[in-house]
Amino acid sequence: MESEISPHLAPLLEQTLQQLTDPTFSGRLRKVYVAGARAISRLSDLDLVRYETRIEETGADLSLWEEMAPVIRDTVLDVNALLHVMREQFPPGEPRLGSHPQAATATAVIQESVLQMASGVTQLGEAMRNPAVMGDRWNLLAEVQSFRTRFRSQVGSMIYESITSFADLHRKDVVPGHDGELRAALALRSTLADLLRVISGRLDKVREAEPEDVQWNAQQLQGELDTFGKTAAYKALRAQDKRRLVEQRSVVGRLVTSPTPSRAELLMVCQELRDFVAGLGEVSQRAILQQHDRELMAGCGVRLEQAAQLMRSQPEAAAHAFVEAAAGAQALYGRVPELDLFLRRTRKLQAGSLSLTELRTSVETLRQLLSGLPLK
């Protein structure tokens, strides 16, 4: 029932609905969007960490299934609740053509989304009967996580694609949960960049370690992995990626307790961890980050251009423009190591601390770093 803590729609989404000339059609859309926002919210609050294990396991025992069964049940119920509203407001047989092409387009989007989402529910049911999924803890967690993530994306696309039949809007202004998803993706990217830097540094230390220092380095690596495991970024990782880290952490733990740990084995673990974490940097290819980065780089570019133009006539104003550009660029941390190094150096930069020469060099350096970022 909509009286049950109905989530608020984004202001621009609500405004667009109010401006539609057909109040009846607008009301039908609103009911679907409210139900969609509720579904996104309910499918975003699952923390799978409680179902994970800190040791390597091959089976999904009965206790895990008993714990996960309510999660899977509620997931399906949440999806079906939205599908019910969508079918009720936009029945499958409703004509899509007529004198209002925009309404026809929105109707088509919603009806096709129903088919897509219903197919996803069927696929989840099939996965739950697959021995390869049910017989492995991590495969089960990955399947549930993947479905919930995919469904949230489908709901967001349904809302965005249907409402943009009537107005030119940005996804971030209408899709429920967009800001939270973006913050999580940015935190994941920046934290992974720091983890890669830490592990790379540990790898260098292990290469130079004397035999008596191997165990100490293993202890340090264990602590570094444990610290990452307590971050929000770890929670945001895919289950199968967490599995790799848990397995590697298990190897490190064994080296920590060994009376004569092997430097070669620790070196191999560090190298594998470094390569694995470097691969996780592909998070920047997510559509939500690609759009964010393009807009942010454009804004930073404007600030840098202002700084360059004001440098001779108003150096103080130029310095402030540069500091604003550098502060904004912090949200790009994790893209490439060269930019990360520059951003770490400028995190606490004050406009008044820059000489004209330093300002000129800094503006040009940041401009070159930004222009060299690959964007698809």
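The values are calculated or read from the model by the stated rules, or taken from the named source; none is laboratory data. Source: prediction; values computed, not measured. Don't worry about glycine lacking a Cβ; one is built from the backbone with ideal geometry, like all the others, and counts go over all protein chains shown.
Results for (1) modelled with pLDDT of 95 or more; (2) out of contact with any Ser or Thr (no Cβ under 7 Å at 6 or more places or on another chain); (3) exposed (fewer than 15 other Cβ atoms within 10 Å of the Cβ), shown as yes or no for each residue.
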{"residue": "Leu141", "(1), (2), (3)": "no, yes, no"}
{"residue": "Ser162", "(1), (2), (3)": "yes, yes, no"}
{"residue": "Ser190", "(1), (2), (3)": "yes, yes, no"}
{"residue": "Leu203", "(1), (2), (3)": "yes, yes, no"}
{"residue": "Glu210", "(1), (2), (3)": "no, yes, yes"}
{"residue": "Ala218", "(1), (2), (3)": "yes, yes, no"}
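Against the numbered list (1) modelled with pLDDT of 95 or more; (2) not assigned by TED's automatic domain parsing to the domain that holds Cys300, Lys376 comes up short only at (1).
Collect the residues in segment 339-357 that are surrounded by 13 or more Cβ atoms within 10 Å (Cβ to Cβ) and in a helix (DSSP H, G or I), keeping them in residue-number order. Once the filter is applied, which keeps residues that are surrounded by 13 or more Cβ atoms within 10 Å (Cβ to Cβ) and in a helix (DSSP H, G or I), segment 339-357 yields Leu339, Asp340, Phe342, Leu343, Arg344, Ala351.
Residue selection: Ser162 satisfies the criterion of being among the small types (Gly, Ala, Ser), over 15 Å from the mean Cα position of the chain (by Cα) and assigned to a helix (DSSP H, G or I). Take Ala218 and tell me if it is touching a residue at least 24 places away in the same chain (Cβ under 8 Å) and under 30 Å from Thr149 (Cα atoms). The answer is no for Ala218.
A residue that is surrounded by fewer than 18 Cβ atoms within 10 Å (Cβ to Cβ) and modelled with pLDDT under 80 can be found somewhere in segment 67-82.
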